[in-house]
Amino acid sequence: MSPALAGVLQLTALTAALALAYRPLGDYMATVYASPKHLRIEKVIYRCIGAHADAEMRWPAYLRGVLAFSAAGVLFLYLLQRVQGGLPLSLGFASISPDQAFNTAASFVTNTNWQSYSGEQAMGHVVQTAGLAVQNFVSAATGMAVAVALVRGFARSRTGDLGNFWADLVRGTIRVLVPIAVLGALVLVACGAVQNFSGIHEVGQFMGGAQQTNGGAVASQEVIKELGTNGGGYFNANSAHPFENPSAFTNLFEIFLILVIPFALTRTFGKLVGNVKQGYAILATMGVIWLGFTALMMWTESAHGGPALQAAGAAMEGKETRFGVGASSVFSVATTLTSTGAVDAFHSSFTAFGGGIQLLGMMLGELAPGGVGSGLYGMLVMAIIAVFLAGLMVGRTPEYLGKKIGTREIKLAACYLLITPTLVLGFAAASMVLPDALGSMLNTKALGAGSHGFSEVLYAYTSGANNNGSAFAGLNANTPWYNTTIGLAMLLGRFLPMVFVLALAGSLAEQQPVPQTAGTLRTEKPLFAGLLVGTILIITGLTYFPALALGPLAEGLS
C-alpha cells in the first residue's frame, strides 16, 4: 500500500469516527451544561471551595472566577516545581529554576503546554501527576466554561446572566473530561502505553551501550493531554515516544481525542441556542478548513521530486517510521489547528511549506476546530465579524442569532482579533534584534538567522500566544528571555481574549431578541459558511502574510 493511500484511508476512518461521536457527545454536553441538578460529588466540591453553584453570574463576576482560579493554579504549580527537590518520587531531579517554573506554570494553566524542558529529565512523578496532569483537566474545563458562557449570551435575553463559572468548571471536569479520560487511558494501556511509578533504570541498546529511561503515569496523562487539547508530553519526544504512542492505531486514536470535543461542541452550541442548524453551519466551516489544510499538508509532504526523496517515501526525515508521512501530516494539522501542540513528528523537519501550513493553522486563531472551548468561542467571534461585514455590504443592521451586532459588540470582537497578532509580531520583532535571542537559533547559528531561523522564532510566539505549545524545536527556548516573554505571551494570549469574550457574552445576554424578517441573513445556510471561511482566511492573510513571506515562504522558494 502506498503512503498516500494509507494516509487517505486513515483520514477516512478518522472522519467516520468523529461523525459517529458527534451527535451523542454534543447532546450529552448540552445536557450537562443545561441541567439544574448537581451530582453528590459536585456538591462536596462546592462546599470545599465555598461556591454557590446555583447563583447566576453576570460577566464581571464570571470573569473574576476565571481569573482567580487560574491565578491560584499558576501559583500552586509554580511553588510545586520550586520545591520538587524535596518531594517524594522526585526521581532525584532538582527543583526547577524560577524562570522555567514560571514559564511551565503559565503554560499548563493557559492550556498551552509549551515545554522548554525534557519531561523525563526534569519532572518527577508528583509534579507530573499532581501538577501538570491536574491542570490538563481544569484548564480545558475553563475553556469549555467560557465557551458555554458565550453561548448563553446568545440564548438568553434581558438578563445579563451567564450561568455560574464554578458549576460549569466542575461539571466540565467531572461529567465530561474525567469519564472519557478514564476510558481512553484504558485503551492506551491495552495498546502498550505505560502506566506506573517506576524509577530511572538503564536499558540496553540494539547497537550496544545503554541509556537511562523512566516510567510514569503516562497513559492517564496522555489521554487528557490530547482530549483537553493540552499537548504537554511526559517525554521530550512527546507523542513520537513509544511509551506515549505505541502504534499506528494509538496514533489515530490520539488524533480522534484531539478533535472529538471541539467538533462536538458545535452540536452543543446548536442545542443550547435552540437551532441545531446553526451548529451545523459552524461545523461545516471548521470541517472545510480542517480537511483543506490536511489535504494540502499531505500533498506538500508527499510531493517531492528526485530519486532519493522518492525512495525514502517522500519527506520522512524527522518522522516516525511507525506512522509515515500520511499519519504524521494528519496529526500535525490536527494539533496546530487546535490548541493541542502535541507532536508525533519533528515539526522543524517538515518541508518549508509544510511548516508554513502549521504556522498558518495556528495564526487562524486555532478555531478549525480549535481548542476545547476556545475553538468554539473563537469561531463565534469570527461569525460576528462575518455578519458585520455582510451587513456593510447590503446596508442592513447586522444580526446573529436574533441579537443585533452594534458598536459595542463589534469593538469587543475587534479587540479579540487584535490581541494575538500584537503579541506574536511584537515579541518576534523584539527577538530578531536582540543578540541573546538570536543566539538561541541552533539550526542556523553558523549562518546567521536566515528565513528558517525567523520561522523558528515566529513559530515559538505564534504557538505561545495562541496557546498551542508545539515548537519547531531548532530554537533553544530555555533562556530567561524566551521563558519570560513566551510565558507572558501565553498568559496574555489566553486571558485577554477571555475578557472580551465574556464582555461580549454579557452584552448579548442583555439584549432583547429581534424578530427574523425577510431581510435577515440566514446564518445556517451554506452561503454564510462560505462567507465565514473567506472572512477567516482573508483576515489572517492580511495580518500575517508579511511575516510568513519572510519565513516559510522565503525558505520554500529559495
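The values are calculated or read from the model by the stated rules, or taken from the named source; none is laboratory data. For clarity, every value in this text was computed on a predicted model and none was experimentally measured. A quick note on method: Cβ atoms are made from the backbone with ideal geometry, for glycine too, and the neighbour counts reach across all protein chains shown. SASA here: full protein model, heavy atoms, side chains in, ligands and nucleic acids out. Shrake-Rupley method; radii C 1.70, N 1.55, O 1.52, S 1.80 Å.
How many residues are farther than 26 Å from residue 62 by Cβ and surrounded by fewer than 14 Cβ atoms within 10 Å (Cβ to Cβ) when one looks only at segment 165-196?
The first filter runs over segment 165-196 and keeps only residues farther than 26 Å from residue 62 by Cβ, leaving 182-196.
With the extra rule that they be surrounded by fewer than 14 Cβ atoms within 10 Å (Cβ to Cβ), the set shrinks to 182-183, 190, 196.
Selection size over segment 165-196: 4.
So, in segment 165-204, how many residues would count as being assigned to a strand (DSSP E or B) and either polar (S, T, N, Q) or touching a residue at least 24 places away in the same chain (Cβ under 8 Å) (or both)? Don't jump to the end; show me each part of the working.
Kept after step one, since they are assigned to a strand (DSSP E or B), are these residues of segment 165-204: 200-204.
Adding the requirement that they be either polar (S, T, N, Q) or touching a residue at least 24 places away in the same chain (Cβ under 8 Å) (or both) leaves 200.
Of the residues in segment 165-204, 1 are assigned to a strand (DSSP E or B) and either polar (S, T, N, Q) or touching a residue at least 24 places away in the same chain (Cβ under 8 Å) (or both).
Going through 367, 418 one at a time, which residue ends up being farther than 22 Å from residue 294 by Cβ and of a type outside the set (Val, Ile, Thr)?
On the way: 367 fails: farther than 22 Å from residue 294 by Cβ.
On inspection, the qualifying residue turns out to be 418.
Listed here are the residues, each with its yes/no results for (1) in a helix (DSSP H, G or I); (2) open to solvent by 10 Å² or more (accessible area, probe 1.4 Å); (3) touching a Ser or Thr at 6+ places or on another chain (Cβ under 7 Å).
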site: 111; (1), (2), (3): no, no, yes
site: 131; (1), (2), (3): yes, no, no
site: 134; (1), (2), (3): yes, yes, no
site: 137; (1), (2), (3): yes, yes, yes
site: 140; (1), (2), (3): yes, no, yes
site: 143; (1), (2), (3): yes, no, yes
site: 152; (1), (2), (3): yes, yes, no
site: 159; (1), (2), (3): no, yes, no
site: 163; (1), (2), (3): no, no, no
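Go through segment 399-506 and tell me which helices (runs of 4 or more DSSP H), entirely inside it, have 3 or more residues that are of a type outside the set (A, V, I, L, M).
Numbers: elements: 407-431, 435-438, 450-465.
Answer list for segment 399-506: 407-431, 450-465.
Write out, first by first residue and then by second, each pair whose Cβ atoms fall under 7 Å of each other, whose residues are 6+ apart or on separate chains, and whose first residue, in segment 463-477, is in contact (Cβ under 8 Å) with a residue 60 or more places away in the chain and farther than 15 Å from residue 437 by Cα while the second is hydrophobic (A, V, I, L, M, F, W, C) and open to solvent by 20 Å² or more (accessible area, probe 1.4 Å).
Listed by first residue and then by second, the contacts come to 463/471; 470/343.
So that you can scan it fast, the table gives a plain yes or no per residue for (1) of a type in the set (A, V, I, L, M); (2) open to solvent by less than 30 Å² (accessible area, probe 1.4 Å):
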| residue | (1), (2) |
| --- | --- |
| 453 | no, yes |
| 459 | no, yes |
| 492 | yes, no |
| 503 | yes, yes |
| 525 | no, no |
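Which condition number in (1) open to solvent by less than 10 Å² (accessible area, probe 1.4 Å); (2) at pLDDT 90 or above; (3) of a type outside the set (Phe, Trp, Tyr); (4) not in a helix (DSSP H, G or I) is the one that residue 511 fails?
In the conditions (1) open to solvent by less than 10 Å² (accessible area, probe 1.4 Å); (2) at pLDDT 90 or above; (3) of a type outside the set (Phe, Trp, Tyr); (4) not in a helix (DSSP H, G or I), residue 511 misses (1) alone.
Among the residues of segment 1-53 satisfying the criterion of being within 30 Å of residue 251 (Cβ to Cβ) and of a type in the set (Ser, Thr, Tyr), which is least open to solvent (accessible area, probe 1.4 Å)?
Applying the first criterion (within 30 Å of residue 251 (Cβ to Cβ)) to segment 1-53 yields 1-29, 32.
If we keep only those that are of a type in the set (Ser, Thr, Tyr) as well, we get 2, 12, 15, 22, 28.
Details: 2: 60, 12: 82, 15: 55, 22: 26, 28: 102 Å².
Among residues in segment 1-53 that are within 30 Å of residue 251 (Cβ to Cβ) and of a type in the set (Ser, Thr, Tyr), the one least open to solvent (accessible area, probe 1.4 Å) is 22.
Could you check segment 515-558 and list, in sequence order, the residues that are acidic (Asp, Glu) and assigned to a helix (DSSP H, G or I)? Step through it out loud before you land on a result.
Applying the first criterion (acidic (Asp, Glu)) to segment 515-558 yields 524, 555.
Once the filter is applied, which keeps residues that are acidic (Asp, Glu) and assigned to a helix (DSSP H, G or I), segment 515-558 yields only 555.
List every residue pair whose Cβ atoms lie under 8 Å apart, where the two residues are 6 or more positions apart in sequence or sit on different chains, the first residue falls within segment 75-97 and is open to solvent by 70 Å² or more (accessible area, probe 1.4 Å), and the second residue, located anywhere, is in a loop (DSSP other than H, G, I, E, B) and among the β-branched types (Val, Ile, Thr).
82/96
Examine segment 498-513 for a residue that is under 30 Å from residue 161 (Cα atoms), within 24 Å of the chain's Cα centre (by Cα) and of a type outside the set (A, V, I, L, M), and state whether such a residue exists. Give the steps one after another, and end with the answer.
First, the residues of segment 498-513 that are under 30 Å from residue 161 (Cα atoms): 498-513.
This time we only want the ones that are within 24 Å of the chain's Cα centre (by Cα), so: 498-505.
If we keep only those that are of a type outside the set (A, V, I, L, M) too, we end up with 500.
The answer is yes; a qualifying residue exists.
Consider residue 295 against the criteria (1) under 21 Å from residue 231 (Cβ atoms); (2) out of contact with any Lys or Arg (no Cβ under 7 Å at 6 or more places or on another chain); (3) modelled with pLDDT of 90 or more: it satisfies all of them except one. Which criterion is unmet?
(1)
Mind checking which residues of segment 515-539 are under 23 Å from residue 279 (Cβ atoms) and within 23 Å of the chain's Cα centre (by Cα)?
Once the filter is applied, which keeps residues that are under 23 Å from residue 279 (Cβ atoms) and within 23 Å of the chain's Cα centre (by Cα), segment 515-539 yields 529, 532, 533, 534, 535, 536, 537, 539.
Let's see how each residue does on (1) closer than 17 Å to residue 494 by Cα; (2) out of contact with any strand residue (DSSP E or B) (no Cβ under 6 Å at 6 or more places or on another chain); (3) buried (at least 18 other Cβ atoms within 10 Å of the Cβ):
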residue: 356; (1), (2), (3): no, yes, yes
residue: 363; (1), (2), (3): yes, yes, yes
residue: 366; (1), (2), (3): yes, yes, yes
residue: 379; (1), (2), (3): yes, yes, yes
residue: 398; (1), (2), (3): no, yes, yes
residue: 405; (1), (2), (3): no, yes, yes
residue: 433; (1), (2), (3): no, yes, no
residue: 439; (1), (2), (3): no, yes, no
residue: 465; (1), (2), (3): yes, yes, yes
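Scanning for something of a type in the set (A, V, I, L, M) and more than 24 Å from residue 224 (Cβ to Cβ), does segment 65-74 turn up at least one residue? I'd like the intermediate steps shown before the answer.
Initial filter on segment 65-74 (of a type in the set (A, V, I, L, M)): 66-68, 71-72, 74.
Adding the requirement that they be more than 24 Å from residue 224 (Cβ to Cβ) leaves none.
No; the residues of segment 65-74 include none that is of a type in the set (A, V, I, L, M) and more than 24 Å from residue 224 (Cβ to Cβ).
Pairs please, first residue from segment 288-302 and more than 17 Å from residue 13 (Cα to Cα) and open to solvent by less than 10 Å² (accessible area, probe 1.4 Å), second anywhere and in a helix (DSSP H, G or I) and polar (S, T, N, Q), Cβ atoms under 7 Å, 6+ apart in sequence or on different chains.
Pairs that qualify, where the first residue is more than 17 Å from residue 13 (Cα to Cα) and open to solvent by less than 10 Å² (accessible area, probe 1.4 Å) and the partner is in a helix (DSSP H, G or I) and polar (S, T, N, Q), are 297/329; 297/332; 301/329.
Of (1) of a type outside the set (D, E, K, R); (2) within 17 Å of the chain's Cα centre (by Cα); (3) at pLDDT below 85, residue 352 satisfies all except one. Which?
Looking at each condition in turn, residue 352 falls short on (2).
So residue 53 ticks every box in (1) under 24 Å from residue 156 (Cβ atoms); (2) in contact with a Leu (Cβ under 9 Å, 6 or more places away or on another chain) but one. Which box is left unticked?
The single condition residue 53 does not satisfy is (2).
Output the residue which, of all residues in segment 222-254 that are in contact (Cβ under 8 Å) with a residue 60 or more places away in the chain, in a helix (DSSP H, G or I) and out of contact with any Asp or Glu (no Cβ under 8 Å at 6 or more places or on another chain), is surrounded by the most Cβ atoms within 10 Å (Cβ to Cβ).
Checking each candidate, the answer is 225.
Being surrounded by fewer than 23 Cβ atoms within 10 Å (Cβ to Cβ) and among the β-branched types (Val, Ile, Thr) is the filter here, so list the residues in segment 114-129 that pass it.
Answer for segment 114-129, where residues must be surrounded by fewer than 23 Cβ atoms within 10 Å (Cβ to Cβ) and among the β-branched types (Val, Ile, Thr): 126, 129.
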